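Below is one structure; the comments refer to it alone.
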Protein chains: 2
Amino acid sequence: MGGAGGPDAGPGLESRTGRPPPLGTAPEPVTTWNARRPKIVDTANTCGGPRELRVPATLRRHESETALSLTGTTLFGLQTFGGGLLTVDGEELGDALTQAHLVTEGAAAEAAGADAFGVGEHHRAELPTSAPDVILAGVAARTERILLTTAVTVLSTDDPVRAYERYATVDGISGGRVQPVLGRASFTEPFLLFGFDLAHYNELFEEKLALWTQAKREGALRFNGVHRAALNGERAFPASATPGGIVTWVGVGGSPESVVRAAKYNANLMMAGLGQTPDRIQRYFQLFRAAEKEFGQRPAMLGMTSNGFLADTMEEARDRAWETNRRLMESVARERGWGERTREHFEADAETGFSLVGTPEWAAQRIAEHVLALDVDRYDVNYGNMTATREEKLEQIRLWGEVVFPRVRELVAEARATAGGDAAPSGVSDSPAPEATGDVAPSGQQA
Amino acid sequence: MGGAGGPDAGPGLESRTGRPPPLGTAPEPVTTWNARRPKIVDTANTCGGPRELRVPATLRRHESETALSLTGTTLFGLQTFGGGLLTVDGEELGDALTQAHLVTEGAAAEAAGADAFGVGEHHRAELPTSAPDVILAGVAARTERILLTTAVTVLSTDDPVRAYERYATVDGISGGRVQPVLGRASFTEPFLLFGFDLAHYNELFEEKLALWTQAKREGALRFNGVHRAALNGERAFPASATPGGIVTWVGVGGSPESVVRAAKYNANLMMAGLGQTPDRIQRYFQLFRAAEKEFGQRPAMLGMTSNGFLADTMEEARDRAWETNRRLMESVARERGWGERTREHFEADAETGFSLVGTPEWAAQRIAEHVLALDVDRYDVNYGNMTATREEKLEQIRLWGEVVFPRVRELVAEARATAGGDAAPSGVSDSPAPEATGDVAPSGQQA
């Protein structure tokens with residue numbers, strides 16, 4: 001690592017001294033609309049091993065710096081965790097058809113004009129999609145242009161060498177379009193299924209991200225770690241289609257350590273909007289840019305995700321979003337001891353953070369507000385965290401790709417033109433406060 | 001396991017007493033036309049751990065029984081290890097384009113009328129295709145009918161739970177068309193790359209095949225083994241598209257223990273023809289059927305593989321086969337200390353066993369001879385173990401699918417009609433002795 005002072009060189013976070021960390025402790029990317037902090041994150045925050053990264057205090061000097069996108073443009077993606085398919089009569093169509101339909105959804109996302117299509121990795125009955133790389137290979141074979149991403153790839157419980165080989169294969173098939181988002185997991189299943197200890201939650205990801213980063217160089221591998229056999233010059237195959245190796249993102253939910261780690265390994269940063277506010281996300285981005293400087297890394301891309309559901313009226317959107325996510329929410333709530341999930345909980349969650357449950361115009365105005373405030377390189381919407389019919393899933397994809405994203409581009413261009421061509425963030429608001437968004441006035445008609 | 005006496009119940013093979021085993025010790029599936037016994041097999045034969053299967057002496061009673069196909073018909077497949085792509089000027093096009101072209105090749109195989117398309121797993125520069133499941137997902141998305149298989153999936157160095165999840169995903173995408181062939185590996189790379197000890201060559205495969213077989217039932221997993229973390233009721237996802245779980249083959253090169261193991265786990269048996277003769281293969285099949293009875297298993301499918309290269313004349317076929325395989329052969333020979341590989345070695349190898357280097361008519365006659373003698377459920381030809389141009393690979397696929405396989409079906413039907421509708425094996429010959437093939441008289445014009 002170049003640069004002055006790695007994360008282990010500087011003093012620790014304030015949390016080390018008993019005070020809270022500066023940027024809050026919001027959860028890692030989660031898998032329900034109404035996310036509460038998953039238990040797994042508590043484990044990580046309290047049981048981090050000796051290898052856990054600490055943000056050096058020196059970084060806090062840079063927090064006020066502006067964090068701008070790398071590319072100067074925002075790509076809009078659609079992502080899904082692959083919730084179960086239903087017949088129009090509400091019967092479950094089963095895991096296999098859900099997998100097959102994800103390929104159809106990826107092709108539909110390209111046809112609708114989305115810039116990226118992402119699939120999440122889970123190992124549970126309500127979210128039976130465990131191999132996003134395999135799904136993306138199917139999508140690659142049916143598309144020409146769309147970027148192929150994940151939401152997320154659970155690197156902590158995978159073998160980074162094997163994972164790199166699989167994604168390099170997808171990269172080859174797709175002509176260099178794969179951009180996985182690596183993450184730590186928001187459920188506990190993969191730890192039990194693949195035999196990793198949750199107590200090593202943070203350390204596992206650190207070690208595996210380091211090895212992935214080495215594999216990305218596509219040369220002889222040298223490794224001597226705790227959670228995987230040593231490597232003494234062996235090589236992984238195939239080489240990817242991407243000069244410099246696969247474009248890699250790290251998915252972060254709200255841990256400053258994770259932000260700094262992404263910078264350390266020169267990954268692109270994908271922030272989960274869920275449970276966050278625009279100003280908190282901007283502070284994460286600033287931390288990221290500052291950490292990149294400290295590590296002597298080139299600036300990488302910034303991205304964020306929201307969850308959404310579209311309908312003709314705000315009320316209908318809420319109704320359908322609640323219906324289609326209920327099964328998963330109830331299962332997660334039961335498992336995590338949250339007590340019964342009610343419509344009231346759901347309504348309350350939909351009022352806060354980066355939830356995009358509403359009409360296409362309302363969602364477009366809200367995304368434009370986020371893009372103007374945060375100037376991200378990529379903005380992905382999770383459209384498919386739901387149990388629904390084929391037609392409903394495809395209709396959501398069509399609405400986001402054909403209606404919302406073009407309208408967002410229009411709104412952002414108008415706002416920037418009005419501001420005199422200034423592409424910098426126009427201000428940061430805690431949504432949903434439309435008066436703080438500068439030139440973009442979202443209609444904000446909430447049911 | 002049902003049935004009277006498992007493999008561990010009976011006395012050991014004669015090899016245990018210092019005498020040779022009854023069915024020879026031909027190598028596991030190998031990756032060059034001119035295969036010599038790979039070192040890895042020596043290791044397995046001499047270093048098998050305490051868990052290694054032994055063929056009970058009682059099984060030898062059944063060796064004379066007839067082994068018939070399960071389905072009564074033969075499907076014809078094409079397989080490849082994904083040797084590098086070249087420009088027409090002989091320049092290498094690189095790993096990524098090789099991966100992308102494999103998807104094109106799979107679609108071409110369906111268009112040409114082949115019944116199956118298979119991809120091998122390797123982790124080396126000359127054979128950079130490490131994730132056949134990912135490639136097959138791409139092929140699945142571009143095809144409707146063709147079975148998707150492997151040649152082989154190196155289960156020994158994979159996690160059976162993760163592997164099952166990946167293939168179940170391909171099964172979902174393809175609507176139930178995936179049929180992996182699980183094997184032990186013919187190169188040493190995956191052992192070094194994934195941190196497994198070659199000394200456990202046999203034991204690794206046994207333990208992993210047992211867990212795969214359990215995962216195939218798609219219920220709660222319970223496992224307590226040596227080479228993988230324990231499982232205590234966890235489940236893998238997604239469920240496959242296939243009732244009863246993914247159709248699973250075990251690839252065997254010439255080890256009677258492997259044949260018995262395949263029967264023990266009720267897998268379908270894919271025998272590598274390379275280095276074998278028809279009568280030896282028939283004896284393996286008889287052993288397999290007898291072992292199935294001993295274990296109380298339902299009869300499974302029988303298959304075999306050959307390597308081939310087609311051209312207008314026998315001489316041209318030999319020339320091109322030598323040219324396109326030379327790079328790989330030389331690398332393997334160097335690595336294994338075989339000394340220099342010459343055209344003379346290659347010619348000698350092409351004279352023996354199941355090599356199908358010649359004209360389409362000659363190859364068709366030879367395959368018909370094999371099918372009549374062995375009555376397999378599937379016959380796969382490796383067409384692509386070569387460094388060649390796109391056009392050459394696609395032309396090979398076209399010739400096998402459009403010319404050779406239909407001609408084989410015709411020859412087999414004619415021969416069976418002449419024999420009075422008798423579908424049983426018409427006799428067993430050590431190829432290339434045409435006088436022993438009954439009603440099919442191969443032209444046998446060797447260059």
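Quick notes on this one:
- Here's how it looks for A:Leu356: its modeled amide H is under 5 Å from those of A:Asn307, A:Gly308, A:Phe309, which are all 5 or more places away or on a different chain.
- The range B:285-378: GluC sites (Glu not before Pro) in DSSP loop, at most 14 other beta carbons within 10 Å: B:Glu340
- Label-to-label distances for A:Val226 across copies, nearest first, come out at 2.7 nm, using points 7 Å from Cα in the beta-carbon direction.
- The dipole here belongs to the range B:118-271: it is taken about the Cα centre, uses +1 on the Cβ of Lys and Arg and -1 on the Cβ of Asp and Glu, and is about 380 debye.
- Dividing the mean sequence gap of close Cα pairs (under 8 Å, 6+ apart) by how many residues the range B:280-402 holds gives a relative contact order of 38 percent.
- Net charge, A:Leu148 excluded, C-beta distance under 14 Å - Lys, Arg +1, Asp, Glu -1: -3
- Shape of the range B:209-272, Cα gyration tensor, a/c cut at 1.5: oblate
- Fully extended contour minus Cα-Cα distance, from B:Glu414 to B:Ala125, at 0.36 nm per residue: 99.6 nm
- Lys, Arg +1 and Asp, Glu -1 on Cβ, resulting dipole of the range B:224-293 about Cα centre, debye, nearest 20: 100 debye
- ³J(HN,Hα), Karplus 6.51/-1.76/1.60, whole Hz, each residue of the range A:194-205, x for Gly, Pro: 10, x, 10, 8, 4, 5, 9, 3, 6, 4, 4, 5
- Prolate/oblate/rounded call for the range A:89-128, Cα gyration tensor, a/c under 1.5 rounded: oblate
- Selection among B:Met304, B:Ala368, B:His345 by position relative to the dipole of the range B:270-423 gives B:Met304 as farthest towards the positive end (Cβ unit charges, Cα centre).
- Zone of A:Leu70's modelled label, taken as backbone nitrogen in the range A:119-153 under 18 Å from a point 7 Å along Cα→Cβ: A:147-151, A:153
- Each copy carries a label point for A:Glu316 at 7 Å from Cα toward Cβ; from one copy, the others' points are 6.5 nm away, ordered from shortest.
- Those residues of the range A:380-418 whose amide nitrogen sits under 13 Å from the label point placed on A:Val88, 7 Å along Cα→Cβ: A:389-392
- Residues whose amide H lies under 5 Å from that of B:Ala239, counting only those 5 or more places away or on a different chain, are A:Asp95; hydrogens are built 1.01 Å from N in the peptide plane.
- Seen from all directions on average, the range B:312-406 presents a Cα convex hull projection of 6.8 nm².
- Taking a sphere under 13 Å around the Cβ of B:Thr74 and counting the other residues whose Cβ falls inside, with K and R at +1 and D and E at -1, yields a net charge of -3.
- Bridging of B:Lys216 to lysines at a Cα separation below 30 Å is possible for A:Lys208, A:Lys393, B:Lys208, B:Lys264, B:Lys293, once same-chain residues fewer than 8 apart are set aside.
- A straight line joining the Cα centroids of the range A:86-110 and the range B:265-298 runs 39 Å.
- Among beta bridges that DSSP assigns inside the range B:59-186, antiparallel share in %, nearest 5: 15 percent
- Nm distances between copies for B:Gly337, ranked from closest, using label points 7 Å along Cα→Cβ: 6.1
- Label zone at B:Glu402, where the point sits 7 Å out along the Cα-to-Cβ direction: the range B:356-391 residues whose backbone N lies under 20 Å: B:358-365, B:381-384, B:389-391
No value in this document is a laboratory result; all are computed from the given coordinates. These numbers were taken from a predicted model, which means no experiment stands behind them. Ideal geometry is used to build each Cβ from the backbone, glycine not excepted, and the neighbour counts take in all protein chains shown.
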